[in-house]
Amino acid sequence: MADEDVRMLLGAILDYFSRLNGAREDADSPESKHFSEVLIDFTIFSTQMGIGWNDMFTFETFREFRKYTRLKKTFHALCGLSADLHDKGAVAEPLTIPHYQVRLPDIYEAYLLYVRQTRELSRGSIGAIRRVLASLHQFLEGKGIALASLKIEHLDTFLKDFDKPFALHTRKGYRNHLRGFLKYLYFERQVLRADLAPLLVGPPDFGHSKPPKFLRRWEVERLLLSLTLETPTEIRTYAMVHLAYTLGLRPVEISSISLDDISFERAELRVPRRKTNQPAILPLPEKTLKAVAAYVLNARPASDLREVFLTAVKPYKPVSAPTVIHHIAKAIRKAGLSATTYWLRHSYAQHLLQIGRTIYEIKEMMGHQSIQSTQRYLHIHTDLMRKVIFDETL
């Protein structure tokens with residue numbers, strides 16, 4: 001296991017616990033301590049076994065970890081962490097146990113088929129829906145409750161236990177999947193006598209109204225001027241920073257770019273992997289095009305792999321999203337700025353607002369699934385106006 005993978009795992013665990021405990025009132029409970037013990041033991045196991053990031057959250061790794069550890073009930077802790085990382089784009093697929101792949105009763109399978117046919121969802125999203133439905137079915141079966149007799153009180157009881165391993169935004173995702181199933185039962189199958197979906201709500205998300213943070217123009221210039229091009233890794237970071245800032249790409253989108261996605265002649269980039277599952281073709285600014293070309297021509301290892309960004313040491317392989325996050329964050333720290341990798345993406349959205357792009361154009365260019373995600377950036381624009389007009393502190 002590379003030192004870089006160890007650092008990424010430890011950072012992911014600390015970040016996960018910070019947000020998980022912030023969403024819970026029982027952060028010092030025995031269960032929270034058990035999660036901590038499981039993840040610490042998993043870190044030691046991964047280090048000793050030399051497991052790389054891309055193989056860390058597979059069922060095979062989980063199975064070997066269960067043989068290694070003396071701890072019991074390890075799945076929920078690892079599932080919660082991997083689901084959190086998947087939501088952030090740091091892992092391609094969350095940990096899935098074959099238990100969730102067994103065939104469910106017909107009405108559940110019919111809903112999964114309905115979702116695949118009517119909505120353009122990723123494999124990860126379909127897997128998340130199956131996970132929550134499998135757990136719901138297990139809960140109802142254990143309580144002797146038929147779907148036709150389902151009440152909101154039953155759902156609240158189910159979620160109280162099901163939600164425990166997950167961070168706040170992951171819980172919201174699972175709750176949304178459940179609402180879709182409830183609507184299907186009421187509107188499409190007439191199984192339920194009332195539409196329970198609007199009643200399935202979580203606690204108020206006070207952090208949701210906070211606008212995304214971004215870098216001001218002088219901070220971006222400071223970052224770009226601080227970048228050096230002395231090593232292949234630095235040249236790779238230079239290209240990745242430009243893609244994050246000038247196109248607003250997510251780390252997972254940067255890591256998955258292939259040579260076939262770039263048209264140097266037309267100065268265009270095809271982004272095949274977006275949350276909307278709709279590929280996008282974006283214009284490549286001249287400086288970004290030159291940064292990518294400099295890496296491909298002068299620093300990229302010779303390889304038959306088609307992914308643009310590769311690891312700097314043998315055996316060469318495509319970089320992961322956490323690697324992109326790590327190196328961009330390292331460059332930001334080197335420039336003396338207090339920011340995260342995602343601030344570059346937010347800065348891109350702010351730039352689009354400033355040059356007069358509509359909220360709908362920004363939604364498409366950012367690859368947002370909903371207009372609500374894009375509307376958060378309007379708060380930034382309002383704050384800037386207050387800063388200019390009233391000289392208020394931003």
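The values are calculated or read from the model by the stated rules, or taken from the named source; none is laboratory data. Not measured: the values here are computed from a predicted model. Here the Cβ is made from the backbone with ideal geometry for all residues, glycine too, and neighbour counts use every protein chain on show. Remember, those area values only see protein heavy atoms, side chains included, never the ligands or the DNA or RNA. Shrake-Rupley method; radii C 1.70, N 1.55, O 1.52, S 1.80 Å.
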### Of all residues making up the stretch 132-148, the number that are in contact with a Leu (Cβ under 9 Å, 6 or more places away or on another chain) and part of a helix (DSSP H, G or I)
8
## Note on the structure
Counting only residues in the stretch 47-78 that are hydroxyl-bearing (Ser, Thr, Tyr) and farther than 24 Å from Thr170 by Cα, the one most open to solvent (accessible area, probe 1.4 Å) is identified as Tyr68
### Task
Please enumerate the residues belonging to the stretch 139-172 that are under 27 Å from Ala77 (Cβ atoms), surrounded by fewer than 18 Cβ atoms within 10 Å (Cβ to Cβ) and small (Gly, Ala, Ser).
Gly142
### Query
For the stretch 229-257, which residues satisfy the criterion of being in contact with a Gly (Cβ under 7 Å, 6 or more places away or on another chain), open to solvent by 10 Å² or more (accessible area, probe 1.4 Å) and not aliphatic (A, V, I, L, M)?
Arg250
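A quick yes/no check of all residues on (1) within 23 Å of Leu223 (Cα to Cα); (2) modelled with pLDDT under 85; (3) in contact with a helix residue (DSSP H, G or I) (Cβ under 7 Å, 6 or more places away or on another chain):
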site: Val292; (1), (2), (3): yes, no, yes
site: Arg300; (1), (2), (3): yes, no, no
site: Lys330; (1), (2), (3): yes, no, no
site: Glu364; (1), (2), (3): no, yes, no
